[in-house]
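Visitor: Got a structure here, written out as structure tokens. Questions coming.
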Amino acid sequence: MTQNDQQLMRSIRELFAVSFQVPLEEIYEDLAFGDIPQWDSMGHMEIMMRLEEQFGIEINAETISTLVNIPAIYDYLKKDKHA
């Protein structure tokens with residue numbers, strides 16, 4: 001993983017930690033929807049909104065349903081030219 005890749009992963013994990021008000025150590029790189037109580041359907045929508053805001057992107061409804069774990073979010077942001 002390059003330094004930019006590591007920074008992107010850390011940014012994602014930090015966004016989750018802040019959004020869900022949990023220590024960063026609880027946000028693993030392979031965390032998935034439902035792994036922690038805060039990542040329920042409402043938590044998922046909050047994460048999507050924060051991703052849009054932080055990375056200056058727009059996530060459509062079809063894509064939202066595919067971004068159900070941190071690796072998928074990482075891959076999506078890595079492909080996006082803004083990340």
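The values are calculated or read from the model by the stated rules, or taken from the named source; none is laboratory data. Keep in mind that this is a model prediction, so the values were computed, not measured. With ideal geometry, Cβ positions are generated from the backbone for all residues, glycine too; neighbour counts draw on all protein chains shown. Note: accessible area is taken over every heavy atom of the protein model, side chains too, but ligands, DNA and RNA are not part of it. Shrake-Rupley method; radii C 1.70, N 1.55, O 1.52, S 1.80 Å.
Visitor: Taking into account only those residues within the range 38-68 that are closer than 17 Å to residue 14 by Cβ and not hydrophobic (A, V, I, L, M, F, W, C), which is least open to solvent (accessible area, probe 1.4 Å)?
Guide: Checked the range 38-68; the qualifying residue least open to solvent (accessible area, probe 1.4 Å) is 43.
Visitor: While we're on this one: Give me a count of the residues in the range 21-32 that are open to solvent by 90 Å² or more (accessible area, probe 1.4 Å) and closer than 13 Å to residue 70 by Cβ.
Guide: Residues meeting the conditions: 3.
Visitor: Sort out which residues of the range 40-62 are more than 17 Å from residue 20 (Cα to Cα) and under 13 Å from the mean Cα position of the chain (by Cα), and write them in order of number.
Guide: 55, 57, 59
Visitor: Which fully enclosed helices (runs of 4 or more DSSP H) of the chain have 1 or more residues being in contact with a Pro (Cβ under 7 Å, 6 or more places away or on another chain)?
Guide: Details: elements: 3-20, 41-55, 61-64, 70-79.
Filter on the chain gives 3-20.
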